[in-house]
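For reference, the structure is listed below as structure tokens.
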Amino acid sequence: MELGKLEKVELRAFWKKEDRDFTPWLVTEGNIQILSEAIGIDLEVQSHEESVGPFRADILCLDTATNHYVLIENQLERTDHIHLGQLMTYAAGLDAVTIIWISPRFTEEHRAALDWLNRITDDTFSFFGIEIELYRIGDSPAAPLFSIVSKPNEWAKSVKKTATTQSTNERSILQQEYWSEFETIYRGVRQLD
């Protein structure tokens, strides 16, 4: 049996501009489904080029399992500080809790920034770094490949949530004991009067 050779296709050969070519391609139902499958979240596109004050967010989706907003920010070159700032601005302006940054190449610093955001936020928020590549075999149409380079660590977040809940429960018990003792002493003082 003969096998074909997998060839990488330059993104710009298929999508010249991010806003005119890539974003409209991604928001179609079949293509957003490919991204949904890659990250394990069922996405439903709400809008693209969504206004956030004087700025425009690339894509706003809904996580159909939670009914929370998902922000998708795209770029067709390696990650940069400008897009990292845009992620934060758009997420705040759109009240998004899942943030997806798509790029053909993540720098270590930007991947580390997403990992850090996943570490310091509670389990409500999720930050994904997704690298996109295009491949074809022979004369076949190009096919996208979404690869996760950064994602929330659900185990770490669940441990953090459990520790926070446990700490809160312990504090509540101590407060209840304190006020119960205070009430006992107060009643004793009142009886002396």
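The values are calculated or read from the model by the stated rules, or taken from the named source; none is laboratory data. Owing to the predicted nature of the structure, the values given are computational and were not obtained by experimental measurement. Neighbour counts are summed over all protein chains in view; Cβ atoms, including those assigned to glycine, are modelled from backbone coordinates with ideal geometry.
For Lys151, the conditions (1) within 17 Å of the chain's Cα centre (by Cα); (2) at pLDDT below 95; (3) basic (Lys, Arg) all hold with the exception of (2).
Sub-6 Å Cβ pairs linking a first residue in the range 92-116 that is in the same structural domain as Ser126 (by TED's automatic domain parsing) to a second residue that is surrounded by 21 or more Cβ atoms within 10 Å (Cβ to Cβ) and in a loop (DSSP other than H, G, I, E, B), at least 6 apart or interchain, are Ser103/Thr79; Phe106/Thr79; Thr107/Thr79; His110/Thr79, ordered by first then second residue.
The set of residues from the range 5-46 being touching a residue at least 24 places away in the same chain (Cβ under 8 Å) and of a type in the set (Asp, Glu) comprises Glu7, Glu10, Glu18, Asp19.
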